[in-house]
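Heads up, the thing below is written out as structure tokens.
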Amino acid sequence: MDYLCAGSQGGIMTILCANPLLQYQSYKEEIDEAIARVLAGGRYVLGSEVKAFEEEFADYIGVSCGVGVGSGTEALHLALAACGVTAGDEVITVSHTAVATAAAIRLAGAVPVFVDIEPNYYTLDPAKLETAVTPKTKAIIPVHIYGQPVNLDPIIECAKKHKLFVIEDCAQAHGAVYKNKRVGSYGDMACFSFYPTKNLGAIGDGGMVVTNQPELAGKVKLLREYGWAQRYVSHTDGWNSRLDELQASILRVKLRYLDADNAKRIKLAGLYHKELSKLNGLSLPIKRENATHIFHLYVVRLKKRDELRNYLKEHQINTLVHYPVPIHRQPAYNKGQKLAVTESIAKEILSLPMYPELKQSELETVVSAIRTYMTEKL
């Protein structure tokens, strides 16, 4: 769970790490109208709202095709299947990501191969990529973590050299830009999650696969609904993974405000940086050059992470760790592999409150508590 419900402790309101309720309240009238339109229309699965959102979101990313599916995990699963990834294949990705990335690879029957990350940006280290490629490698999944774009050029170069698919995991990067193009427009395919806390979040689950290759988009459309090209006739294997009309209608409303909401996140990140940059022992996010970090999360790093987190909790400030146990160290995936950078940062990272509706006064409360801890408690 990426967030907590709003509440109070002893009459004092807790500052949440994420708060999707406030985003609903920001656009309540338009969202309620959209929901009412769907309810009155009588078409609730794969209707006009999904079709319109697929077109609008694909246009926003800068690609020709979008296919709405049930979740971000399923977007990755179906994208892999559409690329022909199957049992015995290997897919290179990072261990520092939501477990959904690796789970999708397993769902496709393939084996996740983990490589280490860059220490400054926490994204896949292209220098570690070449040695991970084997004759069984079929695809690479670079993850744009926290809203920070991956250094895609050398990854795509490696993929072309070895004839591999590149499937971007954009679950945390709706609207982020790498070298003047939005992430999601570089790989063979790209996958987005619309989980409620995302920069573009539904009120429930949802996902999308985007691509500039109509043939791949067509395969995903078959795979998301039993392999049907026409109803009740399966032309291939398939699953049930459909974005529903209600969620599509909500996302169409929120998409109109995505750039403005991302700008608010960037402004809040700037305020954090200004107020926290002089504290010794606290490492702040570093933005990649020639890229736009859209701060799905604002992640700091310090040696005594757990002590700070407990201190903030005592002061009604909610924080989270994304992610405390790297995937390659989790029981389901542990094969004794060592990834030095990934394992090091997992012990030190902390996600501070970050969402467009976060008030400056609330941010200042967070900053004040961190400053007090760093200067008086350490």
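The values are calculated or read from the model by the stated rules, or taken from the named source; none is laboratory data. Since we're looking at a predicted model, the values are computed, not measured. With ideal geometry, Cβ positions are generated from the backbone for all residues, glycine too; neighbour counts draw on all protein chains shown. For the accessible areas, the whole protein counts, side chains as well, though only heavy atoms, and no ligand, DNA or RNA atoms are used. Shrake-Rupley method; radii C 1.70, N 1.55, O 1.52, S 1.80 Å.
What the table below lists for this structure:
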quantity: Within region 156-170, tally of residues that are assigned to a loop (DSSP other than H, G, I, E, B) and open to solvent by less than 10 Å² (accessible area, probe 1.4 Å); calculated: 1
quantity: Hits in region 97-132 (condition: outside any strand (DSSP E or B) and either open to solvent by 50 Å² or more (accessible area, probe 1.4 Å) or among the aromatic types (F, W, Y) (or both)); calculated: V99, R106, L107, P119, N120, Y121, Y122, A127, K128, E130, T131
quantity: Selected residue (only one of L358, L339 is surrounded by 21 or more Cβ atoms within 10 Å (Cβ to Cβ) and more than 27 Å from S26 (Cα to Cα)); calculated: L339
quantity: Residues of region 54-78 satisfying the condition of being within 10 Å of G207 (Cβ to Cβ), in contact with a strand residue (DSSP E or B) (Cβ under 8 Å, 6 or more places away or on another chain) and either in a helix (DSSP H, G or I) or modelled with pLDDT under 95 (or both); calculated: G72, T73, E74, A75, L76, L78
quantity: Close pairs (8 angstrom Cβ cut-off, 6 or more residues apart or separate chains): closer than 12 Å to N199 by Cα in region 244-273, surrounded by 22 or more Cβ atoms within 10 Å (Cβ to Cβ) and among the hydroxyl-bearing types (S, T, Y) anywhere; calculated: R265/Y355
quantity: In region 125-143, the residues that are touching a strand residue (DSSP E or B) at 6+ places or on another chain (Cβ under 7 Å) and either free of Cβ contacts under 8 Å to residues at least 40 places away in the same chain or among the small types (G, A, S) (or both); calculated: K128, L129, A132, A139
quantity: Given (1) open to solvent by less than 10 Å² (accessible area, probe 1.4 Å); (2) more than 21 Å from the chain's Cα centre (by Cα), number of the condition P135 does not satisfy; calculated: (1)
quantity: Yes/no for E54 being open to solvent by less than 40 Å² (accessible area, probe 1.4 Å) and closer than 15 Å to A248 by Cβ; calculated: yes
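Residues are listed down the side, and each one gets a yes or a no for (1) open to solvent by less than 30 Å² (accessible area, probe 1.4 Å); (2) part of a strand (DSSP E or B); (3) in contact with a strand residue (DSSP E or B) (Cβ under 9 Å, 6 or more places away or on another chain):
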| position | (1), (2), (3) |
| --- | --- |
| P154 | no, no, no |
| Q172 | yes, no, yes |
| G184 | yes, no, yes |
| C191 | yes, yes, yes |
